[in-house]
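One structure below.
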Amino acid sequence: MENDMSQKYSHIKGWGIDADPENEPTYPMKHYTGDDHRRLDWQRPPQQLENVEVLHSNERPYVSAVFGTPLPPRGLSGVLRRKAFKYSESRFAHWLPLLLADRINVAEGFLDDLRRGHIPNILAERGWNAAWKYNRKGVLARVALGTLLAAGIAAAVLAKRRGK
Amino acid sequence: MLAMNYRGPRRVRVDHKPYPEILHPNDAIVRVTRSCICGSDLHLYHGMVPDTRVGTTFGHEFIGIVEEVGPSVEKLKKGDHVLVPFNIACGACAFCKQGLYGNCHESNPEATAVGGIFGYSHTAGGYDGGQAEYVRVPYADVGPTIIPADMDPDDAVLLTDVVPTGYQAAEMGGIKPGDTVVVFGAGPIGIMAAKCAWLFGAGRVIIIDHLEYRLEFARQYAQCEAYNFRSLEDPVLFLKRETGWLGADVCIDAVGADAAGSALHTITGKKLMLQAGAAIALHWAINSVKKGGILSIVGVYGPTGNLIPIGNVVNKGITIRANQASVKRLLPRLIKHVQDGYIDPKGLITHRMPLEEVADAYHIFSSKLDNCIKTVLIPSSASN
């Protein structure tokens, strides 16, 4: 039967070259080594020096042997991140504060830019050059919508003031 | 050095950042010659991955030239051209020893559910990524692989993630000769999964998406059937009809958290973030696979939870197989497949842009402009 199928699919280069009837669930997932019931007793790689603050999941007893260092927690977002790491990865109390911290961190980043004398070009950062080149109608529609919204809000505010 | 710099959801730019340092005896510093924007980078770009700190450099698909090595590095030397798997793996922990290099326990302090990944938030270890001129590569003796001299760098860079992830998606499907395989998502990973499904002997490969240009690309590149779910009243019903009313033998979710197709999922998952992204593709996949079938998930989701019909998984007896690709395990076979002409990775690349234009590159990829399938970023220092 498989020979018939090879004929049928001869136009597809490589058809069936990796077919493996032994590929039943779990097979490609792991290469069994007998290590399954070991816990944290493998020969650990040398530990990277912790010369910045590293938050670590409370589902592990120590920091992994290597880790990234460029952006340690800081500011208000850092306070939230530290609190989040008191909870396990299984809890919304871990993840939701991290998402909130990310949003606060955006404002912190904006202030950092200003502090360093850099006024961020938000349109360029959002890739509006490309949008203008490839999706001009979309850009114009957004600008028109924004203008309409702004005009609507302004009109409502003016009407309210006149009403007073 | 120049590096991509995340400033907030949908805001990125290129800035000067400090040259990376050797921080561990088995580190290397790699001068990047190519890096890609991955579909999963868009989850970061859209602000959906918790603990994505402002200032992070994304990029987990990159190749380059070794500039410097730590004192314990034995397998690499300055000047080697290497492709670097997206997952950071120690090679020594119980998981790495089982070939689960995507699940290393010694590369990510911040979370136990995921190993370290270059440029993929602090939830994946807090490493800077390869959308930069230089990058720190931990465990240099484990992950980085010398690029064969005859290999095109555009092929090599796609062997860091896209090809292994697409291949493993098909592999986890346990495809038997003649099986009908449905792939949800015609992005680079989905297209590669469809292509690789044939290598495992699939009898029919169907890909589902909503972008016509991607469907047409998939038809040509992966020689598969391709359907637009927007033109189908109900994709699950359509697939039942197409598969003799029983469902597909194997379904592959190659979409993940940014799926389109359901207002409920979009609002709760992407706008309100009450679930870990929009999981409609996964929902369809569960409902489209046959009873006793296999569901392979390589789409990326956040760490909280999603609305999916788990009752149907139980009632249909579906086997779910999922993981981050174990790139190191798969590389020897996949390098050979590329050399033998069974897979043409660089055929996926539609855009090659200078690193300096990273903001435009992200916008084009995220908004699916200019028929974009796959974007490669090239630092100006790549040619030095």
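The values are calculated or read from the model by the stated rules, or taken from the named source; none is laboratory data. Keep in mind that what you see is a predicted model, and the values were worked out from it rather than measured. All Cβ positions, even for glycine, are placed from backbone atoms using ideal geometry, and neighbour counts span all protein chains on display.
Could you tell me which of the residues B:53, B:7, B:31, B:11 is among the basic types (Lys, Arg) and farther than 27 Å from residue A:131 by Cα?
Checking each option against the conditions leaves just B:31.
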Somewhere in region B:167-179, is a residue hydroxyl-bearing (Ser, Thr, Tyr), part of a loop (DSSP other than H, G, I, E, B) and within 14 Å of chain A (Cβ to nearest Cβ)?
no
Taking region B:1-52 and keeping only residues that are within 12 Å of chain A (Cβ to nearest Cβ), in a strand (DSSP E or B), among the β-branched types (Val, Ile, Thr) and surrounded by 23 or more Cβ atoms within 10 Å (Cβ to Cβ), one is left with B:12, B:37
(1) crowded, with 24+ Cβ neighbours inside 10 Å; (2) without any contact (Cβ under 8 Å) to a residue 60 or more places away in the chain; (3) more than 18 Å from residue B:29 (Cβ to Cβ) all hold for residue B:163 apart from (2)
Sole miss for residue B:292 among (1) under 27 Å from residue B:205 (Cβ atoms); (2) modelled with pLDDT of 95 or more; (3) loosely packed, with under 15 Cβ neighbours inside 10 Å is condition (2)
*Out of curiosity, is residue B:69 closer than 17 Å to residue B:117 by Cα and crowded, with 20+ Cβ neighbours inside 10 Å?*
no
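Which of the residues spanning region B:72-96 are of a type outside the set (Gly, Ala, Ser), assigned to a loop (DSSP other than H, G, I, E, B) and crowded, with 24+ Cβ neighbours inside 10 Å?
Answer for region B:72-96, where residues must be of a type outside the set (Gly, Ala, Ser), assigned to a loop (DSSP other than H, G, I, E, B) and crowded, with 24+ Cβ neighbours inside 10 Å: B:85, B:86, B:90, B:93.
Inside region B:336-384, can you point out the residues that are among the polar types (S, T, N, Q), part of a loop (DSSP other than H, G, I, E, B) and within 11 Å of another protein chain (Cβ to nearest Cβ)?
Selection gives B:367, B:371.
Out of the residues in region B:1-19 that are in contact with an Asp or Glu (Cβ under 7 Å, 6 or more places away or on another chain) and not small (Gly, Ala, Ser), state the one that is farthest from residue A:123 (Cα to Cα). Show your work before the answer.
Step one: list which residues in region B:1-19 are in contact with an Asp or Glu (Cβ under 7 Å, 6 or more places away or on another chain), which gives B:1-3, B:5, B:7, B:11-14.
Checking the rest, the ones that are also not small (Gly, Ala, Ser) come to B:1-2, B:5, B:7, B:11-14.
Working: B:1: 24, B:2: 20, B:5: 15, B:7: 12, B:11: 9, B:12: 10, B:13: 11, B:14: 14 Å.
Looking at residues that are in contact with an Asp or Glu (Cβ under 7 Å, 6 or more places away or on another chain) and not small (Gly, Ala, Ser), I get B:1.
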Notebook entry, point to check: In region B:50-63, is there at least one residue being modelled with pLDDT of 95 or more and aliphatic (A, V, I, L, M)?
Noted result: yes
Residue hits (region B:112-146; more than 19 Å from the chain's Cα centre (by Cα) and in a loop (DSSP other than H, G, I, E, B)) are B:112, B:133, B:138, B:139, B:140, B:141, B:142
Here the residues within region A:130-164 that are surrounded by 10 or more Cβ atoms within 10 Å (Cβ to Cβ) and under 18 Å from residue B:371 (Cβ atoms) are A:130, A:131, A:132, A:133, A:134, A:135, A:136, A:138
Within region B:282-301, restricting to residues that are in contact with a Ser or Thr (Cβ under 9 Å, 6 or more places away or on another chain) and assigned to a loop (DSSP other than H, G, I, E, B), the one that is nearest to the other protein chains (Cβ to nearest Cβ) is B:298
Just one listed residue, out of A:76, A:71, is in contact with a helix residue (DSSP H, G or I) (Cβ under 6 Å, 6 or more places away or on another chain) and modelled with pLDDT of 95 or more, and it is A:76
For region B:333-384 the number of residues that are of a type in the set (Lys, Arg) and at positive phi is 1
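Please specify each residue of region B:101-116 satisfying the condition of being free of Cβ contacts under 8 Å to residues at least 24 places away in the same chain and surrounded by fewer than 24 Cβ atoms within 10 Å (Cβ to Cβ).
Across region B:101-116, the qualifying residues are B:105, B:112.
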